[in-house]
Every structure is written in structure tokens, then in C-alpha cells.
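Shown next, in C-alpha cells, is the structure this report addresses.
The values are calculated or read from the model by the stated rules, or taken from the named source; none is laboratory data. For clarity, every value in this text was computed on a predicted model and none was experimentally measured. Because the Cβ atoms are built from the backbone with ideal geometry, glycine has one as well, and the counts that use them run over all protein chains shown.
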Amino acid sequence: MVVQHNIAGMNANRQLNITTGTQAKSSEKLSSGYKINRAADDAAGLAISEKMRRQIRGLSQASNNAQDGVSWCQIADGALDEVSNMASRAKELAVQAANDTLTDDDRSYINEEMQKMKAEIDRTHASTEFNNIHIFADDGFAPGSATKSDSSNKMTITLPNGADVEISVNFIGADGKMDKVDSTKAVGQNTTYSDSAFAKYVQDAAASAIGKLYSNFRTLFSTASSEGIEVGLDLHRGEKGGVLASAAIKMSTGSSSTMMTYSMYVDTIDYPVSDFATMSDSKKADLAATIAHEMTHLIMYDTLTDGMFGNFPKWFVEGAAQTSSGDGGWVTLTPSSSDAAIKSYNAKLTDGNNAYGAGYIATMYLGYAVSASDSANQNTDVTSDNIKAGLDKLMSYMAGNKKTLNEAIADLTGYSGRSDFESSFMNSTAKSSVLDPLAFTKSFLQARRTNGEGSLFGNLSDSQLDVFAPDKLNPTVTNYTIKADSTWYANAFGSGYVFPEKEDGTATGDGTSDGLGKTLKLQVGSETESMNQIDLKRFDIRLSALSEGKTFDTSTRELALETIETVNVIGLNVASVRSYYGALQNRLEHTIKNLDNVVENTSASESRIRDTDMAAEMVRFSNNNILAQAGQAMLAQANQTNQGVLSLLQ
């Protein structure tokens with residue numbers, strides 16, 4: 001026997017410590033409910049559990065986000081339901097006003113209610129919000145596009161003769177690589193390039209238009225235009241849905257360079273190649289005016305890129321192009337029009353297709369106001385030269401100083417900005433130090449006279465034949481050259497281009513151009529991939545958008561009949577937007593169910609890794625408790641063993 005070492009006691013103590021440690025961990029698991037309380041408990045299990053916890057919390061919030069989207073759709077649908085009710089009432093009133101048993105006074109009473117409904121529809125557009133965010137937006141999608149595919153990379157504009165024009169703006173990539181365009185893919189007949197006379201006329205008309213634009217806007221071209229631009233000529237038979245002609249642009253931008261490709265489309269159904277030899281000068285002049293309109297768009301995209309990509313209102317984009325082509329029949333006013341008729345016409349500046357008539361006059365007035373505000377200009381008559389000088393100064397100021405239209409108007413005229421100008425023009429109030437909008441319009445109509453085209457390519461009183469007849473073309477300028485083939489010609493620019501944000505502010509002053517754009521994103525997943533996001537479109541539901549610029553007036557029987565058709569259009573457009581939000585709500589509800597299912601089952605899986613099995617752990621705890629008691633007893637016995645040595649020493 002030895003007394004220096006109590007081996008039996010040491011063994012019993014070691015075993016007791018092991019049991020006590022295991023018992024402590026078991027007690028911790030039982031009291032916390034988790035079998036992994038620290039990484040040492042299960043390192044791999046902890047990593048998997050933490051990843052699942054992040055996913056669960058992210059998906060739970062994504063489900064809440066989707067529910068917010070459902071609430072957005074419900075608010076939108078409720079607002080649109082009221083608009084639909086107002087449209088139904090408008091239909092009832094329009095049918096009533098079309099009945100000839102009513103007097104004009106009776107119709108005026110009906111029309112008063114109609115105009116109140118118009119105001120309420122516009123107020124609904126401006127005031128419907130979710131979390132202080134406007135559900136509808138001035139720069140939102142057109143109502144008719146609600147059930148069509150997303151074409152947010154396209155801008156649809158309209159020619160003076162009413163045909164649609166589609167400007168394509170393709171953002172090809174941050175690396176600056178250009179998509180290859182297959183010019184052989186023709187939907188219809190594409191054999192007209194061999195007719196050199198027709199192609200040559202289009203080339204000459206375009207070159208002549210550029211020459212006139214160079215002459216009209218010398219400062220702009222010297223400030224911002226590119227040299228050696230080549231434009232492909234695309235002659236097809238009617239595949240563009242009735243479009244007479246269009247100018248298309250594709251843009252690719254990188255950090256060091258920008259590429260723009262151009263193509264001019266002419267529909268050979270509207271302008272038959274086979275009839276070109278016998279085509280009247282009047283028809284050829286109409287084609288030349290259309291090409292002048294489109295070439296103006298192209299040079300504005302080149303020189304005023306920032307503004308054309310979202311910052312210019314429709315009335316200025318189209319009005320500026322029509323200063324080249326002339327009004328093309330859009331302006332229904334004549335020199336004998338009354339003040340009331342002029343005021344009523346100009347008041348529709350921002351209403352749909354009126355941008356091409358009232359917008360044309362407003363652009364002319366803006367050029368005049370800039371010119372007349374120039375202290376160096378002693379002549380303030382309403383003339384083509386004065387208007388050209390003002391527009392040249394306005395556009396070169398924007399191009400050379402990177403100014404928005406809002407800033408340029410504030411800096412160069414007596415108006416405080418774009419909204420002030422629009423409001424003044426629409427209300428015919430005097431803000432300029434020279435002629436007010438009403439006085440200008442009257443003087444302009446007198447200068448244009450009854451048969452004048454009003455093009456800045458000549459005198460305002462010159463007819464379309466005076467300006468655009470074949471013998472009037474002067475194709476001497478080689479910049480922006482039309483090439484007689486269907487190739488997209490790439491034109492390189494020296495530095496990278498950054499696409500601008502949209503400029504806020506409209507004449508309504510209702511704040512619905514809030515800079516958020518047409519499409520919001522609902523984050524309905526826990527990761528960043530696009531599949532975890534759902535687009536939430538915003539629409540323009542002002543009456544001008546819902547009615548597509550058509551008549552909403554019952555003051556006469558004829559207008560009431562037009563309004564009946566207008567209300568049908570409104571009803572279809574409201575139904576289109578409601579259908580979009582209804583379908584989106586259904587989709588989001590399915591999304592929520594799926595997210596909740598994933599959260600539930602992922603939570604169950606995470607529980608199996610992280611949570612304590614209380615029954616099994618209690619068995620282990622009880623077992624360890626018995627072992628601890630046994631260990632304590634054995635340690636006590638071992639400590640008594642050395643007492644036997646005393647017997648030997650006695």
C-alpha cells in the first residue's frame with residue numbers, strides 16, 4: 001500500500017469530473033432548449049443552422065414585402081374602380097348629351113359635371129399613395145400597355161400626320177460591346193433597294209433637311225454635333241403597323257466610348273416605290289417633310305442626348321421636330337380663331353396627342369421668348385428668323401452647359417422654369433416681358449396665314465410645296481448621310497456616356513413625377529438574383545392618358561358623340577390596368593404561400609439540427625445524475641483506503 005498517491009481516488013475523481021461536465025452540458029441543453037449552444041457543440045451543425053436562420057429571416061421579410069405588394073395592388077384596384085365608376089357615369093352623360101331634345105344650355109350643365117369628373121380622375125391619379133409613394137405617376141406606363149410586354153427601352157412618338165413612331169433605345173452593356181444587327185431579317189418585301197430613284201430622293205431629302213438644320217441651328221451644331229454620321233435606309237412594305245416613317249437609334253456605352261447606330265425606316269406602302277416616277281410633287285413634298293421631322297429627332301438625340309433620354313416633355317420633343325416639318329395639319333386654329341378658341345387649344349398642351357399641335361405652338365413661342373429676352377436682339381416681331389435664333393440659343397445652351405430644359409428656360413426667359421412656362425402657356429397668362437402666349441399665338445397665326453406650313457425651313461407663310469417640293473431640295477451637306485441599304489451604321493463617340501435620371505416636375509405640380517421611374521422592384525426572395533424580384537409597374541391614369549388624347553366634352557352634340565367613343569377607350573384602358581394589378585395580386589399571393597411554405601419547412605429542418613430532443617436529453621441527464629452519485633460514493637471510498645495504513649503503523 002502507498003500513501004503518496006491515491007490512484008483509486010484520482011481515477012474516481014477523473015471519472016466524476018467527466019460525468020459532472022457531461023451533466024452540466026446536458027443541463028444547459030435542457031434549460032436552453034438548444035442542443036447547439038456554442039460552436040464546440042457541433043461546428044458543422046452550427047454553420048448549417050446559422051445559414052438556415054439567415055434564409056428563414058430573409059424569406060419571412062420577403063413574404064412581408066410581397067404582402068406590401070398585395071396591399072399596393074388592392075389600393076390601386078380600389079382607385080381604378082372609382083375611375084371606372086366615373087367612366088360609366090361619363091358614358092351615361094355623353095349619351096344623354098347626344099340627344100337632340102336638349103339645348104346647348106342643357107349640354108353645358110352636363111359638360112360641367114363631365115369636367116368635374118375629369119378633375120377628379122386627375123386628382124385620383126395624383127393623390128393615391130402607399131406609404132407616401134405615389135401609386136400612379138406622370139411618367140408611368142401608358143394604360144394601354146398594361147397587358148402588353150414591357151417595352152421600357154422604347155419611346156413611342158407620333159408624326160404630324162398621326163402615324164406612330166418608335167424610337168428604340170437599347171442599352172447593350174457596360175462593356176461597350178455592340179450587338180450585331182442582322183440587316184437581312186426582313187419581315188416583308190425587301191427588294192426595293194434596287195430602285196435608286198426612290199432611295200436617292202430619300203437621301204436628298206435627308207441631306208437637304210440637315211443642311212437646313214445646320215443653317216437654322218449653327219450654334220448648336222458647332223457646340224455639340226458629331227461629324228460623319230451615317231444612317232442606314234430601311235425600305236419595307238408595311239411591317240411597322242402603319243408607321244409612315246421612323247428614325248431609330250441604338251446606343252452602346254462603356255467607360256471610355258459610346259456607340260450609336262442609326263436607321264431611317266420608310267414604309268413603301270404609304271410611299272410606293274413603283275409609283276415614284278409618277279408620284280405627285282405634293283406627295284413627294286409630304287415624304288420630304290416627314291423625313292425632315294425624323295432627321296430633327298436624330299440630330300436632337302445626337303446633340304441633346306441627356307434631354308432626349310427622358311428629360312424632355314413630349315410637347316417639346318415633337319414640337320421641336322415639327323418646327324422643321326411644319327404643323328402638318330395638327331393645328332386647327334386659323335387667323336380668324338377667337339381668343340377663347342386659342343386659349344382652349346393651348347390649354348391642352350400636355351394632353352395626349354395635343355402635344356403635336358399645342359406643343360408645336362408652345363415650342364415656337366419658347367424660341368420666340370428666348371430670342372425676345374435677348375438684350376442684343378432689337379427685333380421682337382414674330383418671324384421665322386427670331387424663332388430660329390431663340391431655339392438655337394436654347395438648345396445650344398442646354399448642350400454646351402449640360403443644362404436641363406427647366407434650367408435653360410429659367411436662365412434664358414422671364415419664366416422661373418419649365419412648369420412656370422407650361423402653366424403660363426396653358427392659362428394664357430403674361431409672364432414674358434414681350435408678347436404673352438395668347439398675343440403670340442394670334443401673331444403667329446397671322447404670320448403663318450391660312451395655307452402656310454409654319455416650317456422654320458422657310459417663311460412661316462410658305463406652303464409645304466414651297467418648302468419641300470423636289471426642286472426645293474438642296475442636298476449639299478454630307479453629315480448624317482442616308483446610306484441606301486438597311487445596315488445599322490455604328491458611329492463612335494469619344495467618351496463614355498452616363499444615362500441621366502429623369503427630370504422631376506410637370507405643369508400639374510402634383511409631385512407624381514417623383515424620380516422613382518415607371519417600375520418599382522418587390523424583393524420577394526432572400527438573395528440578389530433577378531428571380532427574387534418582381535416588377536411593380538406604375539401607370540399614368542390621368543384622363544389624357546386614359547382617353548389617349550381624345551375628346552371628353554359634351555358641350556355640343558358632335559362632341560358628345562365623340563365622347564361616347566372616348567369613354568369606351570377609357571373603359572378599356574382602366575380595365576387593362578386593373579387586369580394587370582389583379583393578375584399581379586394573384587401572383588403575389590401565390591408567392592406568399594410559397595415563401596411561407598419554405599419558411600415553415602426550413603424552420604423544421606433547422607430545428608432538427610439546433611433544437612434539443614428533450615426526452616432523449618432527459619434520459620441522458622438522469623443517467624449522468626446516477627453516474628455522478630456513484631462517482632461521488634466511489635471517490636469517498638477511495639479516500640478511505642489510505643486509512644488502512646494506520647493499522648500497520650500501530
Residue check, residue 627 surrounded by 17 or more Cβ atoms within 10 Å (Cβ to Cβ) and more than 31 Å from the chain's Cα centre (by Cα): yes
It is to be established whether one or more residues within segment 339-357 are on the phi > 0 side of the Ramachandran plot and buried (at least 24 other Cβ atoms within 10 Å of the Cβ). no
Tally the residues that are at pLDDT 85 or above and within 30 Å of the chain's Cα centre (by Cα), restricting the search to segment 320-343. 8
For residue 371, indicate whether it is out of contact with any Asp or Glu (no Cβ under 8 Å at 6 or more places or on another chain) and assigned to a helix (DSSP H, G or I). yes
Given the options 302, 327, name the one that is buried (at least 20 other Cβ atoms within 10 Å of the Cβ) and under 18 Å from residue 207 (Cα atoms). 302
Within segment 549-561, residues being surrounded by fewer than 17 Cβ atoms within 10 Å (Cβ to Cβ) and either charged (D, E, K, R) or closer than 28 Å to residue 69 by Cβ (or both) number 2
Would you check if there is a residue in segment 374-382 being within 25 Å of residue 467 (Cβ to Cβ) and under 27 Å from the mean Cα position of the chain (by Cα)? no
Against the definition (without any contact (Cβ under 8 Å) to a residue 24 or more places away in the chain and not acidic (Asp, Glu)), how does residue 625 come out, yes or no? no
Checklist (1) farther than 30 Å from residue 23 by Cβ; (2) touching a residue at least 40 places away in the same chain (Cβ under 8 Å) applied to residue 85, failing item: (2)
Which one of 55, 67, 23 is outside the structural domain of residue 525 (by TED's automatic domain parsing) and surrounded by 15 or more Cβ atoms within 10 Å (Cβ to Cβ)? 23
Please work out which one of (1) in contact with a helix residue (DSSP H, G or I) (Cβ under 6 Å, 6 or more places away or on another chain); (2) crowded, with 21+ Cβ neighbours inside 10 Å; (3) part of a loop (DSSP other than H, G, I, E, B); (4) not aliphatic (A, V, I, L, M) is the condition residue 335 fails and give its number. (2)
From the residues in segment 269-296 that are among the polar types (S, T, N, Q) and not in a helix (DSSP H, G or I), which one is modelled with the highest pLDDT? 280
For segment 538-550, indicate whether the set of residues that are among the β-branched types (Val, Ile, Thr) and under 23 Å from residue 97 (Cα atoms) is non-empty. no
Segment 549-572 residues that are closer than 17 Å to residue 142 by Cβ, paired with ones that are buried (at least 19 other Cβ atoms within 10 Å of the Cβ) and aromatic (Phe, Trp, Tyr) (beta carbon under 6 Å, 6 or more apart): 566/552
Looking at segment 354-362, can you tell me whether even one residue there is part of a loop (DSSP other than H, G, I, E, B) and closer than 19 Å to residue 457 by Cα? yes
Being farther than 16 Å from residue 407 by Cα and not polar (S, T, N, Q) is the filter; apply it to segment 375-391 and report the residue that is surrounded by the most Cβ atoms within 10 Å (Cβ to Cβ). 387
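Every residue, every condition in (1) of a type in the set (Ser, Thr, Tyr); (2) in the same structural domain as residue 316 (by TED's automatic domain parsing); (3) touching a strand residue (DSSP E or B) at 6+ places or on another chain (Cβ under 7 Å); (4) modelled with pLDDT of 90 or more, yes or no:
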{"site": "364", "(1), (2), (3), (4)": "no, yes, no, yes"}
{"site": "373", "(1), (2), (3), (4)": "yes, yes, no, no"}
{"site": "380", "(1), (2), (3), (4)": "yes, yes, no, no"}
{"site": "389", "(1), (2), (3), (4)": "no, yes, no, yes"}
{"site": "397", "(1), (2), (3), (4)": "yes, yes, no, yes"}
{"site": "408", "(1), (2), (3), (4)": "no, yes, no, yes"}
{"site": "411", "(1), (2), (3), (4)": "no, yes, no, yes"}
{"site": "428", "(1), (2), (3), (4)": "yes, yes, no, no"}
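Residue-by-condition table, conditions (1) under 23 Å from residue 351 (Cα atoms); (2) charged (D, E, K, R):
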| residue | (1), (2) |
| --- | --- |
| 63 | no, no |
| 70 | no, no |
| 81 | yes, yes |
| 93 | yes, no |
| 101 | no, no |
| 108 | yes, no |
| 116 | yes, yes |
| 121 | yes, no |
| 130 | no, no |
